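Colleague: I'd like to ask you about the structure that follows.
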Amino acid sequence: MNLLKEKYQKLTLVSKKTKRVASSHNWLLALGTYAYLRNDKKGIASLLPLTKAQKTLRYNFLTTKNKRLGKEETSRGQARQEAKFILPKLEFLFREDLKNHQKFLKKNFCFWIKREINKPSTKAHSLAKNDGMSSIVERHHSVRWWMDLYKKKCRVKH
């Protein structure tokens with residue numbers, strides 16, 4: 001049972017109704033649910049709470065989430081790094097959509113990012129998802145946050 005992909009991930013039970021982590025979630029129940037879904041009922045897997053896992057699937061579903069980062073790297077730092085990497089690509093998409101008479105304004109660009117990055121049907125969202133930018137897609141960063149990052153990106157180092 002290989003649960004690790006590119007990054008370390010963990011199994012999480014998510015409520016179907018609220019789309020948030022289920023109140024009954026714990027690592028043992030999540031592992032039992034995974035075993036139940038894979039139909040592993042023999043050996044060590046038989047020690048897992050399979051009947052409770054079956055009941056939990058009525059109101060929850062199983063998904064994987066990235067583990068929190070350690071003390072060396074924070075999730076905010078990771079989000080900043082991902083944003084700095086994708087900003088030029090997003091700027092290209094934004095400039096592509098601008099009309100000839102419109103001027104590029106940093107504030108409008110940041111409003112556009114905030115609006116487009118979290119909509120699943122947009123080019124910006126699919127670009128970020130394809131590049132593995134989960135920490136900026138999953139979180140709803142403010143326009144001010146994007147403006148500060150853009151300002152730092154444009155700063156010239158001597």
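Coordinate-derived values only; no laboratory data. In this text, all values refer to a predicted model and were calculated from it rather than measured experimentally. All Cβ positions, glycine included, derive from the backbone under ideal geometry; neighbour counts span all protein chains shown.
Colleague: May I ask for log10 I(q)/I(0) of the stretch 75-154 at q = 0.13, 0.19, 0.24 Å⁻¹, from a Debye sum over the Cα atoms as equal point scatterers with solvent left out?
Modeller: Treating every Cα as an identical point scatterer, log10 I(q)/I(0) equals -0.35, -0.76, -1.24.
Colleague: Report the relative contact order of the chain, percent, no decimals, based on alpha-carbon pairs under 8 angstrom and at least 6 residues apart.
Modeller: 19
Colleague: For the stretch 75-154, what relative contact order do you get, as a whole percent, if you take Cα pairs closer than 8 Å and at least 6 residues apart?
Modeller: This gives 39 percent for the stretch 75-154.
Colleague: With +1 on the Cβ of every Lys and Arg and -1 on the Cβ of every Asp and Glu, and nothing else charged, how large is the dipole of the chain about its Cα centre, in debye rounded to the nearest 20?
Modeller: Here the size comes out at about 440 debye.
Colleague: In a Debye calculation with equal point scatterers on the alpha-carbon sites of the stretch 9-66 and no solvent, what is log10 I(q)/I(0) at q = 0.22 Å⁻¹?
Modeller: Calculated log10 I(q)/I(0) at the listed q: -0.76.
Colleague: Based solely on its DSSP helices, what 222 nm [θ] is calculated for the chain when runs of n ≥ 4 H residues each add -39,500 (n - 2.57) and the sum is averaged over all residues, nearest 500 deg cm²/dmol?
Modeller: -15000 deg cm²/dmol
Colleague: Taking DSSP loops as anything outside H, G, I, E and B, show the longest stretch in the chain free of chymotrypsin sites (Phe, Trp or Tyr not before Pro) there with at most 15 other beta carbons within 10 Å.
Modeller: 105-158
Colleague: Using a Debye calculation, one point per C-alpha and no hydration shell, please list log10 I(q)/I(0) for the chain at q = 0.12, 0.15, 0.18, 0.21 Å⁻¹ in order.
Modeller: Rounded to two decimals, the profile gives -0.68, -0.89, -1.09, -1.29.
Colleague: Pulled fully out, how much extra length does the chain show between ARG58 and VAL21, if you take 0.36 nm times their separation in residues and subtract their Cα-Cα distance?
Modeller: Extending this stretch completely gives an extra 11.9 nm.
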